[in-house]
1. Can you tell me which residue among 83, 59, 64, 15 is under 21 Å from residue 150 (Cβ atoms) and out of contact with any His (no Cβ under 9 Å at 6 or more places or on another chain)?
2. Which one of these is farther than 25 Å from residue 119 by Cβ and of a type outside the set (Lys, Arg): 69, 37?
3. Only one of these conditions is not met by residue 134: (1) of a type in the set (Phe, Trp, Tyr); (2) out of contact with any strand residue (DSSP E or B) (no Cβ under 9 Å at 6 or more places or on another chain); (3) closer than 22 Å to residue 43 by Cα. Which number is it?
4. Quick one: how many residues across the range 14-33 are surrounded by fewer than 16 Cβ atoms within 10 Å (Cβ to Cβ) and either assigned to a strand (DSSP E or B) or on the phi > 0 side of the Ramachandran plot (or both)?
5. Of everything in the range 107-127 that's buried (at least 17 other Cβ atoms within 10 Å of the Cβ) and without any contact (Cβ under 8 Å) to a residue 12 or more places away in the chain, which residue is farthest from residue 94 (Cα to Cα)?
6. Only one of 116, 63 is assigned to a helix (DSSP H, G or I) and either closer than 21 Å to residue 23 by Cβ or of a type in the set (Asp, Glu) (or both). Can you tell me which?
7. Within the group 142, 92, which residue is among the charged types (D, E, K, R), modelled with pLDDT under 95 and in a strand (DSSP E or B)?
8. Out of all the residues in the range 34-60, which are touching a residue at least 60 places away in the same chain (Cβ under 8 Å), farther than 19 Å from residue 139 by Cα and in a loop (DSSP other than H, G, I, E, B)?
Amino acid sequence: MEKDIIESFFKALQNRDFKKMESCYDRNIQYFDPLYGFLKKNEVMYMWKLFYLPLQEFNMSFENMKDEGEGYYSIQYEFSFFNQHVNRQLTRKIKSHIRIVNGLIVEQSNAFRIHEWCKQENGIIGVLIGWNKYYQNKIKLRARRLLFNSIDTNKFE
């Protein structure tokens, strides 16, 4: 049952079915992402839309779902897409930690290295300074600003 919820969520993500994704979340979801930080439910759904809606095409797979006990699961997912800004194919590998209570996702945290993202998106600059906390914080702040500006303007309504 709990694994079915997680599979349903990631299949909905593959299909960009945001209503289905939202139905998998508890209304008080505790969500963390290294790029965006802590988010509430409406912010989480905006984040998914902000990232996935503009993509023309992307490939996504998920695997290695592991029951960690007491409703906690870990799963790895990977997606690749063509980024027009940098004119190349990018691949993101993420490990997600999820907790299920009463058939809904109540906690989700994603784990990935910002430095890896910087290297892919910014080429040699990302390789050279993508490890720098100041540089990473600048990227995180830009991502959060974009997200909250989208929310303020009801971009996806």
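The values are calculated or read from the model by the stated rules, or taken from the named source; none is laboratory data. All figures in this text were calculated on a predicted structure; none of them were measured in a lab. Methodologically, a virtual Cβ is constructed for each residue, glycine included, from the backbone with ideal geometry; neighbour enumeration extends over all protein chains shown.
1. 83
2. Sole residue among the options that is farther than 25 Å from residue 119 by Cβ and of a type outside the set (Lys, Arg): 69.
3. (3)
4. 4
5. In this case the residue turns out to be 126.
6. On the way: 63 fails: assigned to a helix (DSSP H, G or I).
Criteria check complete, one pass: 116.
7. Details: 142 fails: in a strand (DSSP E or B).
The unique qualifying residue is 92.
8. 53
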